[in-house]
Amino acid sequence: MDQTAQMTEQERKISEMKTRLMLSQMQPHFLYNCLNSIYYLCGSDPEKAQQAVADFSDYLRANMDSLGKEGLVPFREELTHVKKYIALEKMRFERGLQVKYDLESDDFEIPVLTLQPIVENAVKHGIEKRPNGGTVTITTEEQDDGILLTVQDDGVGFDVNAPYPANRTHIGIRGVRERIERLEGGQMFIESQIGIGTTVVLKIPLKRLI
Amino acid sequence: MDIIVCDDEKLAEEGLVSTVRGVMPEAKVLGFTLPADALNYAEKNKPEVAFLDINMREINGLVLAERMKEMNPRINIIFTTGYSAYTSQAMDIHASGYIMKPVTEDKVRRELMDLRYQISSEDPKSDSVKKDINRISGHEIWVRTFGNFEIFIDGEPAQFQYSKTKEFFAYLVDRRGALVSNEEIMDVLWEDRDTQTSHLSYFKNLRTDLFTAFESVDRADVLIRQRGKIGVRKDAFGCDYFDYLESLSKNPDRPVHLPLIADYMSQYSWAELTRGSLQNMLYYRA
């Protein structure tokens, strides 16, 4: 291909990637389920419905804004996004979803949309499959060269050696890995045991060179 | 405090008035759907705060804000909008804040607690305005030490997964903000030093329980973690013990209201040291 054709091809690929990312973030299934729950809450518990609409709009806004963001955001911001997501899941999900926090440090930056997709994965594929629900624990630990961010769930677990199904969540997790590994010293580890649970560890380096 | 609201959509205007009243029931809140009426009122009455919708049909909120600022440069303008496109213009006007719709009580509270222009102490309204602002706050935490130790979040006793978590926090309060090591806490919570290693994982569960309880009400600011140590942030919550110590130091010669010293953290035996020193303080004051 000559120069111009190459550039157009590149531009096309970038725009395709952006579209795929945007579609993966729109999550129509999640949106319609939330709206459905809110519909019923309007009648049965208007105050909860109000809170749900506020959470829903904040969640959506954070998702859409993240598409335009390159680079790093404060961890607290990602955590807020996660809390909105959890609040919405709790509204829909009767079986019992608990989130625990053990944050040694919260004063650092991480790539945008890295924490929330992992927590979402833990809830959807780990905990929602358990009859009595379960717990997600988010931990941060200070180390000499960076922060260790861990998301652990006591869900059903999965076989780490089996090939990934090519679904929306897989795209989300792969995106997290790409964004983390783009940082010099950034790493991501996934460990899981069927019937016990899953642990995802992100190593966020202190020296951030993109 | 005098607050006005302007949104050309009737439902949004009424909703916003009701939301602001919910946050600050003592404030005088008036709503307008016609920008000209809002401007008129502002000129005559000099409200401290104006919530303005940016996307109005007749006259846009930014222009309305400019006109209000011309009349009163110290008015606090808080814009409300569904789009994020106007932040730089809001900053140019030196607005006090910016709220994304839907406008919730939490968002209003956050803005009212952080107004750009504070009322001057010479203004006759100053006392009542300051009272209005002090009365609103995020989830309120009150710690009672005289009597059965208890932590109240918005007036309700805090619920923990483990009973020892409360004792953990009580010790941090007793240390008055000093940072404490994990070992020190484990020594206090479990008197038997031999089985320290088995206590470590239980201790971590207690720590998680403590953090989760505050994190879930967005009050993680109550706890400080630094270099492997933990402490409480004294000014993040109200506490009868801290209040008592402060009144003692402010009034060295005059009598103060005495709590029942013997009741200080009555459930915990390790609190005996502090009980003793509180008695001594009284004795030497005479």
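The values are calculated or read from the model by the stated rules, or taken from the named source; none is laboratory data. These numbers come from a predicted model, not from an experiment. Here the Cβ is made from the backbone with ideal geometry for all residues, glycine too, and neighbour counts use every protein chain on show. We work out accessible area using only protein heavy atoms, side chains counted, and drop any ligands, DNA or RNA first. Shrake-Rupley method; radii C 1.70, N 1.55, O 1.52, S 1.80 Å.
Some observations on this one:
- Set side by side, the residues B:Ser269, B:Ser198, B:Ser216, B:Ser249 differ, and just one is of a type in the set (Gly, Ala, Ser), open to solvent by 60 Å² or more (accessible area, probe 1.4 Å), within 14 Å of chain A (Cβ to nearest Cβ) and without any contact (Cβ under 8 Å) to a residue 40 or more places away in the chain, which is B:Ser216.
- Which listed residue, of B:Leu64, B:Leu34, B:Leu52, is over 20 Å from B:Ser126 (Cα atoms) and surrounded by fewer than 19 Cβ atoms within 10 Å (Cβ to Cβ): B:Leu34
- Residue in the range B:252-261 that is under 28 Å from the mean Cα position of the chain (by Cα) and not aliphatic (A, V, I, L, M) present: yes
- Of the helices (runs of 4 or more DSSP H) lying entirely inside the range B:170-270, the ones with 1 or more residues being closer than 30 Å to A:Val99 by Cβ are found at B:182-189, B:196-215.
- In the range B:221-240, residue nearest to A:Ile86 (Cα to Cα) [restricted to those that are within 12 Å of chain A (Cβ to nearest Cβ) and surrounded by 19 or more Cβ atoms within 10 Å (Cβ to Cβ)]: B:Leu223
- Restricting the range B:67-106 to residues that are aromatic (Phe, Trp, Tyr) and either open to solvent by less than 40 Å² (accessible area, probe 1.4 Å) or within 14 Å of chain A (Cβ to nearest Cβ) (or both), the residue that is nearest to B:Leu39 (Cα to Cα): B:Phe79
To keep it simple, each residue is scored yes or no on (1) crowded, with 20+ Cβ neighbours inside 10 Å; (2) within 12 Å of another protein chain (Cβ to nearest Cβ).
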site: A:Lys48; (1), (2): no, no
site: A:Arg61; (1), (2): no, yes
site: A:Asp65; (1), (2): no, yes
site: A:Gly68; (1), (2): no, yes
site: A:Glu78; (1), (2): yes, no
site: A:Val82; (1), (2): yes, yes
site: A:Glu89; (1), (2): yes, no
site: A:Phe93; (1), (2): no, no
site: A:Glu104; (1), (2): no, yes
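- For A:Lys100, the criteria (1) within 30 Å of B:Val222 (Cβ to Cβ); (2) more than 10 Å from chain B (Cβ to nearest Cβ); (3) open to solvent by less than 50 Å² (accessible area, probe 1.4 Å) hold in every case but one, which is (2).
- In the range B:136-146, the count of residues that are assigned to a helix (DSSP H, G or I) and under 30 Å from B:Gly22 (Cα atoms) is zero.
- Any chance B:Val256 is away from chain A (no Cβ under 14 Å), open to solvent by less than 20 Å² (accessible area, probe 1.4 Å) and either modelled with pLDDT of 95 or more or more than 20 Å from B:His139 (Cβ to Cβ) (or both): no
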